[in-house]
Amino acid sequence: MNDVITKSLYCSLLSCDRYAWLSRHKPEKYVEKKQEDILQNGKEVGELARNLFGDFDLIEFNKNINTMIDETQESVERGTHIIAEASFRFENAFCSVDILKNDIDGVEVYEVKSSTEIQDIYLDDVAFQVYILKHLGYRVKKANIVYLNSEYVRHGDLELDKLFVIEDVTEIIKPREALVKDNITRILNNLNSKKEIKNDIDSYCFKPYECPFIEYCMKDLPKPNVFDIRRMKITDKLKLYKAGKISFEDLVNENINEKYLQQIDFELNDKDDYINKENIEDFLNKLSYPLYFLDFETYQQAIPLYDGISPYMQIPFQYSLHYINDNVLEHTEFLGEEGTDPRRKLALSLISDIKPDTCVLAYNMSFEKGVIKNLAKMYPDLSKALMNIHDNIVDLMVPFYNRDYYTKDMKGSYSIKYVLPALFSDDPSLNYHNLKLIHNGSEAMNAFNTLTDYDDEQRKIIRKNLLEYCKLDTFAMVKIWQKLNEICGKDINISI
Ligand code: SF4
């Protein structure tokens, strides 16, 4: 068997035998999840962390792992103190150590992660590296995981010693180290098995990420099934699944939350829409005019580029604002300049666009409120005006969250991505799929984040599409608000 097991392969094939078999024998069933931003963050964080200990020798990536191993050997023999991507192989197991501290009396391993906390699988990752090093005769003095400090707030130059947390996991990984040899044997057997391996659905299918083979592994389950219940914890779904309560028919008499039962009942019995007019009317009566509809787009940076930013903090770069003024629907918007900190200009624009003490609708307002609160903290001189907007936000999601308006097409969700098509299934102007370039928040985030990579012409096109996407978000809110009024027989007489 000439298979080489890398540390990422080892970690991904560890928890489920079927994964290994499918990845070798049915790779076409792998449904790619968009992870470019995660990979890009990982690369940037890894490169920055190399500077934690001063000068270092970098073993460049080479498709021929023997070249990397030979170069590492030469560097170790030269007595290099810090080696980045130091590469080693023992039997079938190969690893590149993110940062290796090489001392006369032994080595220290530093595995760098772009997350803000340690996940279980990282411990297996480090255990795998330590196993290889020890079997090659190295004395491993310490094994560490290096990750981002979510509490760190940038002020001036980046302070690497504060941005990164270094956690010693030498002792914690010992039980995992003892299992590496057997795990490798099992992985190799799974990869090379002639017969399809069939593990049942379990927690490893969902954590730490949803498995890319999940569609294939669930293909024989009845539809809809317990995994289609919205907002139920995965542990609860698995409990029901293991008890044989799988189809919606199996679940009707279960002692579960009434919201889940409502979803099941509506879908199973093809029920008509449920509308509680009285409650919806109460909600609408709390709104006042002029009425605004606000939506932000934000992006995140693993490594904070600007002052006042922590790793992965939401940075607003755009908003769309529809508003009803004298019975006419009007629109305004803001989109930051790429490559600059957009926050102050955005805050100033927001304050000038929204009159004080006016009612602002947001859908899932905790997000918009959180963004405004952070801006107010960042800019004390604007805080009063920003907090005035913050305090006057009302959540348009409430009637759907409370299930005062529920249809079977909402499939147990109150997210606007479900509510909108459920209410306006025939309206192409409200269909995000009809937008050309940007169809959801994560595409918007990536588009803004990479704008500087494009030439002027391409940038113009992307910016136009960003504006169209965000405008649809608030237009959709206007339509939902209009629909709620119609249901209650309120004549709003707005020209849209
Ligand atoms: S979906 Fe679950 S059972 Fe199927 S390969 Fe992935 S982890 Fe294994």
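The values are calculated or read from the model by the stated rules, or taken from the named source; none is laboratory data. Everything numeric in this text was worked out from a predicted model, so none of it was measured. Methodologically, a virtual Cβ is constructed for each residue, glycine included, from the backbone with ideal geometry; neighbour enumeration extends over all protein chains shown.
Looking across the stretch 16-32, the residues that are under 22 Å from the mean Cα position of the chain (by Cα) and either among the aliphatic types (A, V, I, L, M) or modelled with pLDDT under 90 (or both) come down to Val31, Glu32.
Quick one: is Tyr405 in contact (Cβ under 8 Å) with a residue 12 or more places away in the chain and either of a type outside the set (Ser, Thr, Tyr) or within 30 Å of Asp270 (Cα to Cα) (or both)? Yes. Can you name every residue in the stretch 232-243 that is of a type in the set (A, V, I, L, M, F, W, C) and either within 15 Å of the ligand (Cβ to nearest atom) or touching a helix residue (DSSP H, G or I) at 6+ places or on another chain (Cβ under 7 Å) (or both)? The answer is Met232, Ile234, Leu238, Leu240. Annotation: Thr170 fulfils all but one of (1) within 14 Å of the ligand (Cβ to nearest atom); (2) assigned by TED's automatic domain parsing to the domain that holds Lys101; the unmet one is (1). Summed over the stretch 402-445, the residues that are of a type in the set (Lys, Arg) and modelled with pLDDT of 90 or more give a count of 3. Looking at Ile145, Ile132, which is the one that is crowded, with 17+ Cβ neighbours inside 10 Å, part of a strand (DSSP E or B), away from the ligand (no atom under 16 Å from the Cβ) and in the same structural domain as Ser96 (by TED's automatic domain parsing)? Selected residue: Ile145, the only one of Ile145, Ile132 that is crowded, with 17+ Cβ neighbours inside 10 Å, part of a strand (DSSP E or B), away from the ligand (no atom under 16 Å from the Cβ) and in the same structural domain as Ser96 (by TED's automatic domain parsing). Of all residues in the stretch 306-336, those satisfying the criterion of being part of a loop (DSSP other than H, G, I, E, B) and touching a Lys or Arg at 6+ places or on another chain (Cβ under 8 Å) are Tyr306, Asp307, Gly308, Ile309, Ser310, Gly336. The set of residues in the stretch 402-448 that are of a type in the set (Asp, Glu) and in contact with a helix residue (DSSP H, G or I) (Cβ under 9 Å, 6 or more places away or on another chain) comprises Asp404, Asp409, Asp427, Glu443.
On inspection, Val97 does not qualify as without any contact (Cβ under 8 Å) to a residue 60 or more places away in the chain, farther than 29 Å from Tyr209 by Cα and more than 16 Å from the ligand (Cβ to nearest atom). All conditions in (1) more than 30 Å from Asp307 (Cβ to Cβ); (2) within 28 Å of the chain's Cα centre (by Cα); (3) surrounded by fewer than 16 Cβ atoms within 10 Å (Cβ to Cβ) hold for Lys198, with the sole exception of (2).
Has the stretch 196-204 got at least one residue that is among the small types (Gly, Ala, Ser), within 16 Å of the ligand (Cβ to nearest atom) and outside the structural domain of Tyr147 (by TED's automatic domain parsing)? Yes, because at least one residue in the stretch 196-204 is among the small types (Gly, Ala, Ser), within 16 Å of the ligand (Cβ to nearest atom) and outside the structural domain of Tyr147 (by TED's automatic domain parsing). Put simply, of Ile393, Ile438 the only residue that is of a type in the set (Val, Ile, Thr) and free of Cβ contacts under 8 Å to residues at least 40 places away in the same chain is Ile438.
When you look at Asp103, is it surrounded by fewer than 20 Cβ atoms within 10 Å (Cβ to Cβ), within 23 Å of Leu48 (Cα to Cα) and in contact with a Lys or Arg (Cβ under 9 Å, 6 or more places away or on another chain), yes or no? Spelling it out, Asp103 is indeed surrounded by fewer than 20 Cβ atoms within 10 Å (Cβ to Cβ), within 23 Å of Leu48 (Cα to Cα) and in contact with a Lys or Arg (Cβ under 9 Å, 6 or more places away or on another chain).
Taking the conditions (1) part of a loop (DSSP other than H, G, I, E, B); (2) away from the ligand (no atom under 16 Å from the Cβ); (3) of a type in the set (Lys, Arg) in turn, Lys259 satisfies each one other than (1). For the stretch 337-352, the set of residues classified as within 31 Å of the chain's Cα centre (by Cα) and either part of a helix (DSSP H, G or I) or among the basic types (Lys, Arg) (or both) consists of Arg343, Arg344, Lys345, Leu346, Ala347, Leu348, Ser349, Leu350, Ile351, listed by residue number.
Working only within the stretch 205-231, note down all residues that are modelled with pLDDT under 95, surrounded by fewer than 16 Cβ atoms within 10 Å (Cβ to Cβ) and within 15 Å of the ligand (Cβ to nearest atom). Matches in the stretch 205-231: Lys207, Pro208, Tyr209, Glu210. Of the candidates Arg154, Arg176, the single residue that is surrounded by 15 or more Cβ atoms within 10 Å (Cβ to Cβ), within 30 Å of Asp236 (Cβ to Cβ) and modelled with pLDDT of 95 or more is Arg176. Does Leu287 meet the test of being touching a residue at least 60 places away in the same chain (Cβ under 8 Å), in a loop (DSSP other than H, G, I, E, B) and in the same structural domain as Thr452 (by TED's automatic domain parsing)? It is true that Leu287 is touching a residue at least 60 places away in the same chain (Cβ under 8 Å), in a loop (DSSP other than H, G, I, E, B) and in the same structural domain as Thr452 (by TED's automatic domain parsing). Taken together, the residues in the stretch 176-195 that are in a helix (DSSP H, G or I) and more than 16 Å from the ligand (Cβ to nearest atom) amount to 9.
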